[in-house]
Amino acid sequence: MNVSYRWLQALVPSLTEPPRELAHRLSLLGAPADEVIDLGAEIGGVVIARVEEVRPHPDADRLRVTTVNAGGEPVQVVCGAPNVEAGRYYPFAPVGATLPGGVEIRKARLRGEASEGMLCSARELGLGRDHTGLMTLAGEWEPGTPLVPALGLDDVRFVLDITPNRPEMLSHLGVAREVAPGGAAGVRLPEFPNAPESPVTIRRVERDGEVGGVRVRIEDLEGCPRYTAAVVRGVRVRASPEWLATRLRAVGVRPINNVVDATNYVLFELGQPIHAFDLARVCGPEIRVRRAGAGETLRTLDGVDRELPAGSLVIADAERVVALAGVMGGENSEVSEGTADVLIECARFDPQAVRRTAWGLGLSTDASYRFERGVDPEGLPRALERVVQLIVAVAGGTADAEALDVSPVPFARPVVELRPFRVRQVLGVDLPVPEIAGLLRAIGFDVDESSIPLRVSVPGFRPDVAGEIDLVEEIARRRGYDSFPEELLPFRPSSVPESPQVAAERRLRDFFVRRGFLEARTTGFAPAAEGRVPVLNPLSAEEGSLRDAVLPGLLRRLEHNWAHGVRDVRLFEIGTVFAPAPDGGVPPEETRVGAVFTGARRPPHWSGDAGAWEVWDLKGMLEELAEELGGGLEIAAPGIVPGGIVPGEAFRLRVDGTEVGGGGRVAPAAVDAPAWAGEVWALEMRVLVRAGEAAAYRPLPEHPASDRDLALLTPNAVTAAEVEAVIRESAGPLLESVYPFDLYAGKGIPEGTRSVAWRLRFRGADRTLTDAEVDASVDRVLGALGERLGVRRR
């Protein structure tokens, strides 16, 4: 939300706080300023100039050579803007001036013609987004007049970060209510020059009515619970007066004409979107709020022909659609220089209906942004009166005496009960009732103090306040979070158990952090090659799908580290992946954990080189992960896992016979690695949730263990995992652990075999084992190994 400091001062005459201090206070109130921009700081050298002559460039079809009067001797300027005209006034940056971004204007020759300065567009001056042509200045000006004071650009723009639950802050009035020294009581709407005092009276009807000869009917009450309208006749559509154009430029909006600018002014002042129709182009004349039918189309004000999704909320006349409700108007009814009579629409549309229409068409506007978050249901009459006043003031004409308000169910303010002891219980301080009431009244709430609990009437512009705790939050915010004591107060632990999903993710984070990994947070969007679920409205062409794995994003982060000269990298991420829905519905989601690591095992140390990561580090990590997640996992190797992993240097993780992930060495072709980079190892697996899992106590053993070492001649085709499985199965319940500790191949070992030494540990829970018991178990193990795998004792 762009906010003008001068505009705020017009609403709050007592506001004298410097802009930087005001920005800090707004941050404490929950609306941090991402930027504080001094609009005139970077264009102090720009002046107003009159173009005296325009002629074609002899060597360029799209360029023109102009003679510019900037207050001294006329200068020649080469210009490429299509709207440059002789006799008009434009911002001019002479040689030596500097524009936003540090662009310094110098003498130049463009296709052989000298150019001494630059005629500027709004975007080049940092005053808006328009770059289609020069910024044309209405009225008569003295050439050479400094631009900043002439246009009132000695202003500061705040770029506020407004959360979705605070739609009232998407207006200067909402911000003024927060920063005014006296709260809402210190805010007033400034008067317009030459505006009538009471231009209209508003007549309410339940479903349909007539205004200025136009029939208005709401056919979809769910999509449009309220629609107000007024008619202004005899307007002269021209450029806006400079004070109005300046207000809009200060918030980054390009002035269009006095009628459209009046609707935009009210939008940014009150947060209520307004639309103006050319009354002569409304067929019937009739206005109907309805749903779009199949195959209906509309050319919107941006000049794009759009096929409307069936069911979209639209405004139609007797013959066709004339506007997308809450999003954008249509060219077939737009206000132009030939317009004499206008129909003003001020409505309340359902946020979900507007959101579906805007997203379905890939279209977002200042109006839809506000409607999607909810507008003030009580503010429509004030906004309608305000815009009619402004149109009459800047475009002339006369408003029809009676306006129309179609509202089947009048809005009633919800009442929330507030207990002072609950405020004390939550905030830890005892606030007197008058202070509580004063804090809430300052931001527009009505408080009945005649009884306890207090009865608080919630204004329509605060739809986020639905319960007592919301009021407590408002009290804390308005009083100032820094005003509460810092000591730790008594508290009661929650009896709500931790979510199994959250517990599993927490254990995984602890697991990787203990091993020196850093957590990465990548987005769920990915290129089409890395996802099977396309995004209907992608943020960029490079991220048009939802990812189906987390490893590709981690590998890109690895490449980013390499590009900055970081050799030793270890990253992990816990994130969501998506798969196509079998029935075309909502894509199923799955939480996975992924990790990539390369370089040295540990940081450099005087004790010696730690060596690089290798396959056994990966295998050990997978084994520990299996144990961390509660057991039940088996590692199958060698395996082939997707994602550019080298076959033969990979492992697959299985649970109950189902593959849940794996890892291995990343193929060199899968990453853009510099010459000095080491081997890359990666893993990815599902985050397994064990519902109802609880830690079990197991006492330390009271009796000694008995170890047996077996050197086994093992055929090369037999894996160590197969040998271990047979040992565990045949040894019986006395076997506590088994692991290999030596490998030998060479002299004295038959060809095609290798010697693997295993240590078997036996222990009894209730007694010390005898040699006979242990030897019997070993004999069973040797017999099973020879029978099943051809393995024999060396």
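List of remarks:
- Residue within the range 86-102 that is over 15 Å from Ile43 (Cα atoms) and either open to solvent by less than 40 Å² (accessible area, probe 1.4 Å) or among the hydrophobic types (A, V, I, L, M, F, W, C) (or both) present: yes
- Count of residues meeting criterion [loosely packed, with under 10 Cβ neighbours inside 10 Å and of a type in the set (Ser, Thr, Tyr)] in the range 597-608: 1
- Qualifying residue in the range 108-116 (condition: farther than 15 Å from Ala41 by Cα, among the polar types (S, T, N, Q), free of Cβ contacts under 8 Å to residues at least 40 places away in the same chain and open to solvent by less than 70 Å² (accessible area, probe 1.4 Å)): yes
- Those residues of the range 75-105 which are in a loop (DSSP other than H, G, I, E, B) and either over 19 Å from Leu134 (Cα atoms) or hydrophobic (A, V, I, L, M, F, W, C) (or both), in sequence order: Ala81, Val84, Ala86, Val95, Gly96, Ala97, Gly102, Ile105
- The range 302-349 - residue that is of a type in the set (Val, Ile, Thr) and part of a strand (DSSP E or B) and, of those, nearest to Pro381 (Cα to Cα): Ile344
- Residue list for the range 61-74, filter: open to solvent by 70 Å² or more (accessible area, probe 1.4 Å), in a strand (DSSP E or B) and out of contact with any Gly (no Cβ under 8 Å at 6 or more places or on another chain): Asp61
- Residue in the range 164-184 that is modelled with pLDDT under 90, closer than 25 Å to Ile256 by Cβ and open to solvent by 40 Å² or more (accessible area, probe 1.4 Å) present: no
- Among residues of the range 329-379, those that are within 22 Å of Val200 (Cβ to Cβ) and among the β-branched types (Val, Ile, Thr), counted: 5
- Residue in the range 245-258 that is within 20 Å of Asn332 (Cα to Cα) and open to solvent by 10 Å² or more (accessible area, probe 1.4 Å) present: yes
- Residues of the range 274-301 that turn out to be assigned to a loop (DSSP other than H, G, I, E, B), surrounded by fewer than 19 Cβ atoms within 10 Å (Cβ to Cβ) and touching a residue at least 60 places away in the same chain (Cβ under 8 Å), as a count: 1
- Remark: pairs (first residue in the range 777-791, on the phi > 0 side of the Ramachandran plot; second residue modelled with pLDDT under 95 and of a type in the set (Lys, Arg); Cβ separation under 9 Å; 6+ apart in sequence or on different chains) are absent.
- Tally of residues being of a type in the set (A, V, I, L, M, F, W, C), under 33 Å from the mean Cα position of the chain (by Cα) and either assigned to a helix (DSSP H, G or I) or under 18 Å from Leu244 (Cα atoms) (or both) across the range 361-390: 7
- Scoring Leu769 on the criteria (1) open to solvent by 20 Å² or more (accessible area, probe 1.4 Å); (2) within 60 Å of the chain's Cα centre (by Cα); (3) farther than 12 Å from Leu712 by Cα; (4) in contact (Cβ under 8 Å) with a residue 24 or more places away in the chain leaves a single failure, condition (2).
- Considering residues of the range 14-27 that are assigned to a helix (DSSP H, G or I) and open to solvent by less than 90 Å² (accessible area, probe 1.4 Å) only, the residue farthest from Arg188 (Cα to Cα): Ser27
- Of the residues making up the range 37-47, those that are open to solvent by 30 Å² or more (accessible area, probe 1.4 Å) and of a type in the set (A, V, I, L, M, F, W, C) are Ile37, Ala41.
- Within the range 524-568, tally of residues that are open to solvent by 70 Å² or more (accessible area, probe 1.4 Å), closer than 28 Å to Leu361 by Cβ and of a type in the set (A, V, I, L, M, F, W, C): 5
- Residue ranges of strands (runs of 3 or more DSSP E) in the range 636-742 with at least 2 members among the hydrophobic types (A, V, I, L, M, F, W, C), modelled with pLDDT under 85 and crowded, with 18+ Cβ neighbours inside 10 Å: 645-655
- Scope the range 501-547; condition in a strand (DSSP E or B) and over 27 Å from Pro580 (Cβ atoms); matching residues: Leu518, Glu519
- Test: Leu125 is assigned to a loop (DSSP other than H, G, I, E, B) and in contact with a helix residue (DSSP H, G or I) (Cβ under 9 Å, 6 or more places away or on another chain): yes
- Hits in the range 185-203 - residues which are loosely packed, with under 14 Cβ neighbours inside 10 Å and under 41 Å from the mean Cα position of the chain (by Cα): Ala185, Arg188, Pro190, Glu191, Pro193
- Residue match in the range 609-619 (condition: open to solvent by less than 70 Å² (accessible area, probe 1.4 Å), modelled with pLDDT under 85 and not basic (Lys, Arg)): yes
- Yes/no for Asp775 being more than 30 Å from Arg509 (Cβ to Cβ), at pLDDT 90 or above, in a helix (DSSP H, G or I) and over 57 Å from the mean Cα position of the chain (by Cα): yes
- Here Gly30 does not fit the description of being surrounded by fewer than 20 Cβ atoms within 10 Å (Cβ to Cβ), assigned to a loop (DSSP other than H, G, I, E, B), in contact with a strand residue (DSSP E or B) (Cβ under 7 Å, 6 or more places away or on another chain) and not basic (Lys, Arg).
- Filtered by the rule that a residue be over 30 Å from the mean Cα position of the chain (by Cα) and either surrounded by 19 or more Cβ atoms within 10 Å (Cβ to Cβ) or aliphatic (A, V, I, L, M) (or both), the range 446-466 gives Val447, Ile452, Leu454, Val456.
- Residue in the range 258-266 that is in contact (Cβ under 8 Å) with a residue 12 or more places away in the chain, part of a strand (DSSP E or B) and either among the β-branched types (Val, Ile, Thr) or touching a Phe, Trp or Tyr at 6+ places or on another chain (Cβ under 9 Å) (or both) present: no
- Just one of the numbered conditions (1) surrounded by fewer than 24 Cβ atoms within 10 Å (Cβ to Cβ); (2) touching a Pro at 6+ places or on another chain (Cβ under 7 Å) is not true of Leu418: (1).
The values are calculated or read from the model by the stated rules, or taken from the named source; none is laboratory data. Keep in mind it's a predicted model, so treat the numbers as computed, not measured. We place every Cβ from the backbone using ideal geometry, glycine too, and count neighbours over all the protein chains shown. We work out accessible area using only protein heavy atoms, side chains counted, and drop any ligands, DNA or RNA first. Shrake-Rupley method; radii C 1.70, N 1.55, O 1.52, S 1.80 Å.
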